[in-house]
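For reference, the structure is listed below as structure tokens.
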Amino acid sequence: PDEPYTNQPSIDLAVTVPPEIAGDPDYRLRVYLALEAQSPAPIQEAPLARLPTTVIPVELTDGINDLTVTLVGPGGESDPSPVVRYVLDTKKPSIKLTAPEDGRTVNSKSVSLEGRSQARSTMMARNATTGDSIVGTADGDGRFKLALPIAMGTNRIVITATDPAGNVGEQKISVVRGSGALRASLSASFYSIKRSALPEPIRLTV
């Protein structure tokens, strides 16, 4: 398949044989399954269809499924076909956001969403407050970075990750867009000191 990862519990194998033996009852197809770190084992057999291509439904097991097929007939069993790999993955991808923190104030027109998820996942961030959205892809290590426009005030953001198998994970955060104006306040540990007490240390905090 173009994409080996799937969240479907079964798939259809399309097996093609020479046209001259299509539909011959003296032949049958034998399906082998090799799980991760295991040797191939036969799991089922099927008669040949009347056309050269026979479709065989196969149940998958969680994780890697390496499938091969042999042709069994009067002359014995053929060499196995090339390996077809499917990876059954039904787990939702996690999203670990490293920036920004939930509830943080951002003095910018957009917020940079950075984090990690499952490798090659399609990442989408949607600002539920404004309706804006952005789509990207996590790299081979699962890292992603998305820049999403935000409006003044509180912005509720929904981040979704769709992994190669089609499973969807979600995370929600809120950020506040500030005005960007800088403010400062000054305080002191003492505001009144007796001259007779000098020298006296004083702490100023800005």
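The values are calculated or read from the model by the stated rules, or taken from the named source; none is laboratory data. The shown structure was predicted, so the numbers you read here are calculated from the model rather than taken from an experiment. FYI the Cβ positions are ideal-geometry reconstructions off the backbone, even for glycines, and counts take in every protein chain you see. With ligands, DNA and RNA removed, areas are computed over all heavy atoms of the protein, side chains included. Shrake-Rupley method; radii C 1.70, N 1.55, O 1.52, S 1.80 Å.
Taking all Cα pairs closer than 8 Å and separated by 6 or more residues, the relative contact order of the chain comes to 17 percent.
When +1 charges are put on Lys and Arg Cβ atoms and -1 charges on Asp and Glu Cβ atoms, the dipole computed for the chain relative to its Cα centre reaches about 2260 debye.
Only Lys, Arg, Asp and Glu carry charge here, each on its Cβ (+1 for the first two, -1 for the last two); on that basis the range 126-206 has a dipole of about 600 debye about its Cα centre.
Scaling against 2.2 N^0.38 Å puts the C-alpha radius of gyration of the range 123-206 at 2.03. For the chain, modelled as a GNM whose springs connect Cα atoms under 10 angstrom apart, the maximal fluctuation among Asp79, Asp89, Asp66 occurs at Asp79.
Working note: Cα atoms of the chain, range along each principal axis, descending, whole Å: 115, 38, 19. Distance between the C-alpha centres of the range 60-82 and the range 96-152: 45 Å, rounded to the whole angstrom.
Projecting the Cα positions of Gln118, Thr129, Thr53 onto the charge dipole of the range 24-129 (unit charges on Cβ atoms of Lys, Arg, Asp and Glu, taken about the Cα centre) puts Thr129 furthest along the positive direction.
Taking all protein chains into account, the per residue accessible area for the range 1-160 stands at 59 Å² (1.4 Å probe).
Calculated on the alpha-carbon coordinates, the convex hull of the range 19-85 measures out at 88 cubic angstrom per residue.
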